[in-house]
Structure formats: structure tokens, C-alpha cells
Amino acid sequence: MLANVNPAVLTIILVGILLFALIIFFKTIRIVPQKMAFIIERLGKYSNTLEAGFHILVPFLDRVSYKHTLKEQAIDVPPQQCITKDNIAVEVDGILYMQVVDPKKASYGINNYPFASRATGSNHYEERNG
């Protein structure tokens, strides 16, 4: 049966199968760098959080949906005008230091956690100085 098949067609089929196997292999292996966390979804639902190290996923079912750095980040809070208790206008700006502690909540608990942190820091500046 294989004697009647054109060798060029057989080569194309073998290259296709090899390419498919290579794609499956690379979709299966994930290496998470130090101070990073990957959120894995299985069929669109949260499955688990991968910490630093070597991990094997189920191809075509698992996917990395979010990647978070666990390092401390410095975010600039934009300057804003405040009026002190003795009616003096003061412009206040600052730097907000934050770190992701729970990657699952940073992914699914809020839509944009850097913006929310910046807004909360700005609000606290206003309360303290206003």
C-alpha cells in the first residue's frame, strides 16, 4: 500500500506530523522565572497558580491567562492640589510602593489593580493632607 504513495506526499505528511508534535511539546512545558506567578485556566476557568520552576500543562486544555511579577513595584502618584486646615494650597505628589501578594485576587478580584492602587494612594494623600 505504501509502495504506491508518492514520496513527496509522504514527506509532507511526516513533516506535518512532526510539526504538530513539536507544537504540542512546546504548549505542554512552562518554565516560570523567579519572582513571577502564572495563572492557569483550564477550559476558561481558574485552575491553579504556577510559582517559579518547571511545570507541565495539559495541551489544548490549559493556558496561561495572566502573568504577574511578585517584585515590589514603584508607581508614581500624579500631583494634586490640597487645601490644608489653615487654608493654604499645597501640591502633593508621591510614589506608591506595591507588591502582588495573591496573584489569583490580582487577576480575578479587580479589573486593573495598578490603577486602583494609584487611586487609593491618591485618596490617602488627600485625606492626610487635606
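The numbers here are math on the coordinates, done by the rules we state, and not lab data. Just so you know, these numbers come straight off a predicted model, no measurement behind them. Note: ideal-geometry Cβ built from the backbone for every residue, glycine included; neighbour counts use all protein chains shown.
Near PHE60: Cβ cut-off under 11 Å, other residues only, Lys/Arg at +1 and Asp/Glu at -1. The net charge is +2.
Here segment 1-78 is assigned +1 on the Cβ of each Lys and Arg and -1 on the Cβ of each Asp and Glu. Its dipole about the Cα centre then comes out at about 100 debye.
Please grab the % of Cα pairs in segment 2-69 that end up more than 20 Å from each other. Looking at segment 2-69, the distances longer than 20 Å represent 45 percent of pairs. The smallest convex shape that holds all Cα atoms of the chain, its convex hull, gives 141 Å³ per residue. The mean sequence separation of alpha-carbon pairs under 8 Å and at least six residues apart, normalised by the residue count of the chain, gives a relative contact order of 19 percent.
Peptides 37-45, 51-59 ordered by packing proxy, namely the average of other Cβ atoms within 10 Å per residue, highest first: 37-45, 51-59. Please report how far the C-alpha centroid of segment 98-127 lies from that of segment 25-81, rounded to the nearest whole angstrom. Comparing the Cα centres of segment 98-127 and segment 25-81, I get a distance of 18 Å.
Relative contact order of segment 73-129: 37 percent, from C-alpha pairs under 8 Å at least 6 residues apart in sequence.
Net charge dipole, the chain: roughly 660 debye, given to the nearest 20, about the Cα centre with Cβ charges of +1 for Lys and Arg and -1 for Asp and Glu. The share of C-alpha pairs in segment 73-129 whose separation exceeds 13 Å stands at 63 percent. Helical runs (DSSP H, four residues minimum) scored at -39500 (n - 2.57) apiece and divided by the length of the chain put the mean residue ellipticity at 222 nm at -11500 deg cm²/dmol.
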